[in-house]
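The block underneath contains the structure these notes are about, expressed in structure tokens.
The values are calculated or read from the model by the stated rules, or taken from the named source; none is laboratory data. All values reported here derive from a predicted model rather than from experimental measurement. For neighbour counting, all protein chains shown are included, and Cβ atoms are generated from backbone atoms with ideal geometry for every residue, glycine included.
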């Protein structure tokens, strides 16, 4: 098989693996069996060449990953239910509603609230635009870290984070060209430089630079609205940063740059057991088989 980039996502009691032209979701059912759902994927870049452009491709990747991720979570939630529990397939409108609610909550928590808190601190920090945006960015990062720390203490989320670790270990094994066995996968690290957790941290930092360009004399509602409008630009720029660091992750300076993201992954990944590794392996095997060896530049894991 030609070497390809493969990414993934932890779901409830399982792992989704995404190859350039396929995806597979493997979930451990309550009876111990592994349920798998797979499908072929046509890259958007083939249908819409504009999505290949730098920055644009990052924004597109973010929103497409959200759609695929919610569908994967829906499948895993149904499959992880015990026998006798009512299962319900969520329709496209429900998925769209869930995406809108999650997106709105994220905007409010990580962008609007820090802006409002910083506005309240103006009598203390002064009216310097540079200081304002640094404080705004610092509050945003702190809120993000507290959020990750908070959810990491939830029992169900801990298991999801263990599957997240299994996903990373499995991808490391594939990238090393080794056979996908539990023993081979187990020896690799849970911390991967192309992780979506690192991407989110980069988004937080890039947003500080982008928002510093907004005129300080703008009223609050314009500043808040600009944060929503500029989010695709921030996502696109962050994607390019992550893509660049992934290609040069052996350089000492790049290692220093990606170290905060790797440190953050210690909260969002956990050491998986062998049964969880088996699920990740199954997901990757099905995705690779369906993919058929095509090449692509997929990045975020």
If I ask for residues that are in a helix (DSSP H, G or I) and without any contact (Cβ under 8 Å) to a residue 12 or more places away in the chain, which ones from the range 201-214 would you list? 209
Among helices (runs of 4 or more DSSP H) entirely inside the range 89-200, those with 1 or more residues being touching a strand residue (DSSP E or B) at 6+ places or on another chain (Cβ under 9 Å) are 155-175
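Each row is one residue, and each column tells you yes or no for (1) more than 26 Å from residue 198 (Cα to Cα); (2) exposed (fewer than 15 other Cβ atoms within 10 Å of the Cβ); (3) modelled with pLDDT of 95 or more.
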position: 3; (1), (2), (3): no, yes, no
position: 19; (1), (2), (3): no, no, no
position: 28; (1), (2), (3): yes, no, yes
position: 42; (1), (2), (3): yes, yes, no
Given the criteria farther than 15 Å from residue 167 by Cα, at pLDDT 90 or above and more than 16 Å from the chain's Cα centre (by Cα), does residue 263 qualify? no
Which of the residues that make up the range 5-40 are within 16 Å of residue 77 (Cβ to Cβ) and either free of Cβ contacts under 8 Å to residues at least 60 places away in the same chain or not in a strand (DSSP E or B) (or both)? 12, 13, 29, 30, 35, 37
I'm trying to understand the selection: among the residues of the range 46-58, which are without any contact (Cβ under 8 Å) to a residue 24 or more places away in the chain and within 27 Å of residue 202 (Cα to Cα)? 48, 49, 50, 51, 52, 53
On the given criteria, is residue 37 over 19 Å from residue 277 (Cα atoms) and either crowded, with 21+ Cβ neighbours inside 10 Å or in contact with a helix residue (DSSP H, G or I) (Cβ under 8 Å, 6 or more places away or on another chain) (or both)? no
Set 222, 217: member being over 16 Å from the mean Cα position of the chain (by Cα), free of Cβ contacts under 8 Å to residues at least 24 places away in the same chain, closer than 26 Å to residue 126 by Cα and assigned to a helix (DSSP H, G or I): 222
Filtered residues of the range 243-275 (kept if in contact with a helix residue (DSSP H, G or I) (Cβ under 8 Å, 6 or more places away or on another chain) and closer than 13 Å to residue 190 by Cα): 261, 262, 264, 265, 267, 268, 269, 270, 271, 272, 273
Residues that are farther than 21 Å from residue 103 by Cα and touching a strand residue (DSSP E or B) at 6+ places or on another chain (Cβ under 8 Å), drawn from the range 32-71: 34, 35, 36, 37, 38, 39, 40, 41
Restricting attention to the range 125-165, which residues are farther than 22 Å from residue 203 by Cβ and at pLDDT below 90? 125, 126, 127, 128, 153, 154, 155, 156
